[in-house]
Amino acid sequence: ERCRKLFEAMGRRIAIVWDAHHTWRIGKEPLEFSYNILKDDIVDVHFKDSLPNTGPGPHSSIATNLGEGDVPLDELFTLLVNEKVQYPVSLEYEKKWCPYLPELDEALAAWQKLFM
C-alpha cells in the first residue's frame, strides 16, 4: 500500500523487485494483496524465510533457511504459479548478513524440497 502511495506522489510507476518477505513481515500485508497492487510493475520476486525477532535488535525478523521460518512461501509460490509469472524468481541467500545460515548446498536442497 505504501508503494501505491509513493507512485501517486511521484506521478508515475517504477519497476519493482518484490521482496515478498518485506511486504508480508514488515508491511503486514497479505501476499495476494501486495501482489495485486504491484503485479503490473514487478520485474523480479525474492524468496526468503524468517521468524519474528522477539529479542533485542533493530530487525523485525531473524532469517532462516527456507521452510524453517513462518513466511507463507507455499502461498507465494502458488500465487505466482497461478498467475503464470514471466519474470525471474530468486532465492535470497543472505549468509553474508546472517552468517549462522546453512551453507549454500543445504539452502539449495531446502529450495528444491519445497518447490521442485
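The values are calculated or read from the model by the stated rules, or taken from the named source; none is laboratory data. Note that the structure is a prediction, hence the values are computed from the model and not measured. Cβ atoms come from the backbone with ideal geometry, glycine included; neighbour counts cover every protein chain shown. Accessible surface areas use protein heavy atoms only, side chains included; no ligands, DNA or RNA. Shrake-Rupley method; radii C 1.70, N 1.55, O 1.52, S 1.80 Å.
So the values come out like this:
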| quantity | calculated |
| --- | --- |
| Mean projection area, nm², convex hull over Cα of the stretch 71-115 | 3.8 |
| GNM result for the chain, Cα springs below 10 Å: residue of Asp40, Asp19, Asp49 fluctuating most strongly | Asp40 |
| Summed side-chain charge close to Glu103 - residues other than Glu103 whose Cβ falls under 15 Å, Lys, Arg +1, Asp, Glu -1 | -2 |
| Radius ratio Rg over Rh of the chain, counting only Cα atoms, Kirkwood formula for Rh | 0.98 |
| Heavy-atom SASA rank of Trp97, Trp18, Trp111 (probe 1.4 Å, accessible area, largest first) | Trp97, Trp111, Trp18 |
| The chain - percent relative contact order, Cα under 8 Å, separation 6 or more | 23 |
| Nearest-20 debye value, the chain charge dipole, Cβ charges on Lys, Arg, Asp, Glu | 440 |
| MRE, 222 nm, helices only [DSSP H, n ≥ 4, -39500 (n - 2.57), over the chain, to nearest 500] | -10000 deg cm²/dmol |
| Amide H contacts of His46 (H built 1.01 Å from N, under 5 Å, at least 5 apart or other chain) | Trp18, Asp19, Ala20, Ser90 |
| Amide proton proximity set for Thr64, modelled H, under 5 Å, gap of 5+ | Asp49, Ser50, Leu51 |
| Per-residue HN-Hα couplings for the stretch 61-71 [Karplus 6.51, -1.76, 1.60; θ = phi - 60°; Hz; x = Gly/Pro] | 8, 10, 4, 10, 5, 4, x, 9, x, 10, 5 |
| Sulfur and carbon atoms: percent of accessible area, the stretch 21-99 [1.4 Å] | 56 |
